[in-house]
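Peer 1: Take a look at this one; I'll ask things after.
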Amino acid sequence: MKIRTRYAPSPTGKMHVGNLRTALYEFLTAKHAGGDFMLRIEDTDQERFVEGAIEIINRTLEKTGLVHDEGPDKDGGYGPYVQSERVKTGIYMKYAKELVEKGEAYYCFCDKERLASLKTEVVEGKEICMYDKHCLGLSKEEVEANLAAGKPFVIRQNIPNEGTTTFVDELYGEITVDNAELDDMILIKSDGFPTYNFANVVDDHTMNITHVVRGNEYISSSPKYQRLYDAFGWQSPVYIHLPLITDENHKKLSKRSGHSSFEDLIDQGFVSEAIVNYIALLGWSPEDNREIFSLDELIKEFDYHRISKSPAVFDIVKLRWMNGEYIKAMEFDSFYEMAEPYLKQVLTKDFDLKKIANMVKTRIEVFPDIPALVDFFEELPEYDPEMYTHKKMKTNAETSLQVLKDMLPLLEAQEDYSNDGLYALLSKYVEEKGVKNGYVMWPIRTAVSGKQMTPAGATEIMEIIGKDETLKRIRKGIALLENA
Ligand code: GLU
């Protein structure tokens, strides 16, 4: 049997981390087994439809490499792949009527007022209103008359009050619930559209889906879906419900975290491959403790049996680390393309930007780290002369002043401002004085950068900023130390 999975997003806005994980696990479940991955757009809730959301879904799947084998743009013989188009084929109504025939569903004509008057119960903090099966009591003639009179209706699932329903989830095992807890949910709404609850069953079956991977918010409804499969005499797919994703405070990951969607993360300077790699580990882990995986490696390693039931914590610090690893491993040219705008934010003078990019490549975690690392090239920041004192280098204000004063005329006379030329000049001085390298390099680097940490050594910095600026900065250091 060929595995077929589907990613079935509702076009309601951004691509949240949880949505992307579902898509990724669906994709990996299929691809690991040489199966097909399908895209289906679930747009039956017209009120929640957001303009542009389908484009976001397509763009994200393309960018992350989760290429579908079938979907709205790629017919695989199971179309249409957009639920609003499927509605037009009459498929949902046809199957709903079949259930009515079988006594597994019924027409309901209750108006808003009557429904509002039904008793509500509070279960686990949520208000639940169970339909009281009022319209199940209507005779066939009454139903026909109502329909003929054009009375608005919905079609509801008919769930008995006695007995239990059991379904199987791959990770949670067998789950059994009392039927009395299950509401007679709406299958067809008054606008003629199916609810998600009905459409997902009809579509997964008619589109030959073998494995359904989705968030565990659907676990409580799955018994009702199971009853639908049973009523039709269809085999239900393998269910894999994924654990919750929480923020650092163990609360459901929400917009407030500021990094809950793929677009947010891209805007924050994360690279797509690192995001995918990190999200793969939100609920799944390989047998060893390996953490870095390309998409192809994930396809090879991903086994849905190893998905965990415990909530996964979205740890931005870990993602930053992982992103840094991806940046280190990037080809220089693609790195430069992404780094350039960040360099240009703070560097306007005639610098060798490629050289600077090369200095920061191994030192950043995300691209927006770049400006703060390199802005000193453009302009020497105000700095504290205390920075000249470094215990390990055995430097202090006095020794540093001496070094700067000694070096100034040498640097003035120096023609060759290449890194090598400058390094030779400084090394010669180090040798003559019989001191350690750092004893000279530290004060020079401090003077030319005004920073404690820089992405490059003293002579590399001088090469970038050039002779005039170097001399200016050395003189400034001397003045600062003399006044200190
Ligand atoms: N349209 C549903 C959603 O976006 C899909 C759930 C499912 O995968 O079955 O949450």
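The values are calculated or read from the model by the stated rules, or taken from the named source; none is laboratory data. Worth saying up front: this structure is predicted, and the values here are computed from it rather than measured. Please note: Cβ atoms are built from the backbone with ideal geometry, for glycine as well, and neighbour counts cover all protein chains shown. In case anyone asks, the SASA skips ligands and DNA or RNA and just uses the protein heavy atoms, side chains included. Shrake-Rupley method; radii C 1.70, N 1.55, O 1.52, S 1.80 Å.
Peer 1: Could you go through segment 207-222 in sequence order and give the Karplus-derived ³J(HN,Hα) for each residue, using 6.51 cos²θ - 1.76 cosθ + 1.60 with θ = phi - 60°, rounded to whole Hz, and x for Gly and Pro?
Peer 2: Here the 3J(HN,Hα) series is 9, 6, 6, 9, 10, 10, 10, 7, x, 6, 5, 8, 5, 6, 8, 4 Hz.
Peer 1: Give me the distance between the Cα centres of segment 411-484 and segment 90-153, rounded to whole Å.
Peer 2: So the separation of the two Cα centres works out to 83 Å.
Peer 1: Excluding residues on the same chain fewer than 8 positions from Lys328, give the aspartates and glutamates whose Cα lies under 18 Å from its Cα.
Peer 2: Glu273, Glu291, Glu337, Glu340, Glu365, Asp369
Peer 1: Then there is this: Could you list which residues have their amide H under 5 Å from that of His390, counting only those 5 or more apart in sequence or on another chain, with H placed in the peptide plane?
Peer 2: Thr395, Asn396
Peer 1: Which FRET efficiency value, to the nearest 0.05, do you get for His305 and Ser84 by plugging their Cβ-Cβ distance into 1/(1 + (r/R0)^6) with R0 = 22 Å?
Peer 2: 0.05
Peer 1: Cross-link list Lys140/Lys189; Lys436/Lys472; Lys405/Lys451; Lys391/Lys428; Lys119/Lys151; Lys126/Lys252: which exceed 18 angstrom alpha carbon to alpha carbon?
Peer 2: Checking Cα-Cα distances, Lys140/Lys189; Lys436/Lys472; Lys405/Lys451; Lys391/Lys428; Lys119/Lys151 exceed 18 Å.
Peer 1: What order, most packed first, do the peptides 366-372, 432-438 have when packing is the mean number of other Cβ atoms within 10 Å of each residue?
Peer 2: 366-372, 432-438
Peer 1: If I ignore ligands, DNA and RNA and count only protein heavy atoms, how much of Asp468 is accessible to a 1.4 Å probe, in Å² to the nearest 10?
Peer 2: Per-residue accessible area (Asp468): approximately 120 Å².
Peer 1: Can I ask one more? Amide H to amide H under 5 Å from Ser261: which residues, 5+ apart in sequence or cross-chain, H placed 1.01 Å off N in plane?
Peer 2: So Ser261 has HN proximity to Val17.
Peer 1: In addition: Antiparallel versus total DSSP beta bridges in the chain: what percent is that, nearest 5?
Peer 2: 60
Peer 1: While we're on this one: Not counting ligands, DNA or RNA, and with a 1.4 Å probe, what is Asp178's accessible surface area in Å² rounded to the nearest 10?
Peer 2: Surface accessible to solvent at Asp178 totals approximately 80 Å².
Peer 1: While we're looking at this one, here's another question. Which whole-number value in Å² is the accessible area per residue of segment 239-344, probe 1.4 Å?
Peer 2: That works out to 50 Å² for each residue.
Peer 1: Classify segment 409-484: rounded, prolate or oblate, from the alpha-carbon gyration tensor (a ≥ b ≥ c, eigenvalue square roots; a/c under 1.5 rounded; otherwise prolate if a/b is larger than b/c)?
Peer 2: rounded
Peer 1: Related question: Roll a 1.4 Å probe over the protein heavy atoms and report the accessible area of Asp169 in Å², nearest 10.
Peer 2: Estimated to the nearest 10 Å², Asp169 gives 0 Å².
Peer 1: What share of the DSSP beta bridges in segment 166-269 is antiparallel, in percent to the nearest 5?
Peer 2: 50
Peer 1: Which percent of the accessible heavy-atom area of the chain goes to carbon and sulfur, probe 1.4 angstrom?
Peer 2: Taking all protein chains in place, the chain shows 49 percent carbon and sulfur surface.
Peer 1: Just the number please: accessible area per residue for segment 1-154, 1.4 Å probe, all protein chains included, in Å².
Peer 2: 54
Peer 1: How far is the Cα center of segment 9-40 from the Cα center of segment 278-320, in Å?
Peer 2: 15
Peer 1: Here's something else I'd like to know. Please work out the average accessible area per residue across segment 363-484, using the 1.4 Å probe convention, and give it in Å².
Peer 2: Result: 50 Å² per residue.
Peer 1: Counting Lys and Arg as +1 and Asp and Glu as -1, each charge on the Cβ, what is the dipole of the chain about the Cα centre in debye, to the nearest 20?
Peer 2: 580
Peer 1: Just by accessible area at a 1.4 angstrom probe, what is the order of His390, His32 from largest to smallest?
Peer 2: Order by accessible area, largest first: His32, His390.
Peer 1: Now, a different point. Among Asn146, Asn208, Ala274, whose Cα sits farthest toward the positive end of the charge dipole of the chain (+1 at Cβ of Lys/Arg, -1 at Cβ of Asp/Glu, about the Cα centre)?
Peer 2: The residue sitting most towards the positive pole is Ala274.
Peer 1: Check the chain for me: any Cys whose beta-carbon has no other cysteine beta-carbon within less than 4.7 Å?
Peer 2: If one checks each Cβ against the other cysteines of the chain, Cys110, Cys129 turn up with nothing under 4.7 Å.
Peer 1: Ok, one more. Could you give the alpha-carbon Rg of the chain over 2.2 N^0.38 Å, rounded to two decimals?
Peer 2: Taking the Cα Rg and dividing by 2.2 N^0.38 Å, one obtains 1.41.
Peer 1: Now for a separate question. Return a single number: how many Lys pairs in segment 28-103, at a sequence separation of 8 or more or on separate chains, have alpha-carbon atoms below 30 angstrom apart.
Peer 2: Count of close lysine pairs: 8.
Peer 1: Starting with the highest mean, order 94-102, 249-257, 183-191, 200-208 by the number of other Cβ atoms within 10 Å, averaged over the residues of each peptide.
Peer 2: Ranked by mean Cβ neighbours within 10 Å, highest first: 200-208, 183-191, 94-102, 249-257.
Peer 1: By average Cβ neighbour count within 10 Å, what is the ranking of 38-48, 421-431 from highest down?
Peer 2: The densest-packed peptide leads the list: 38-48, 421-431.
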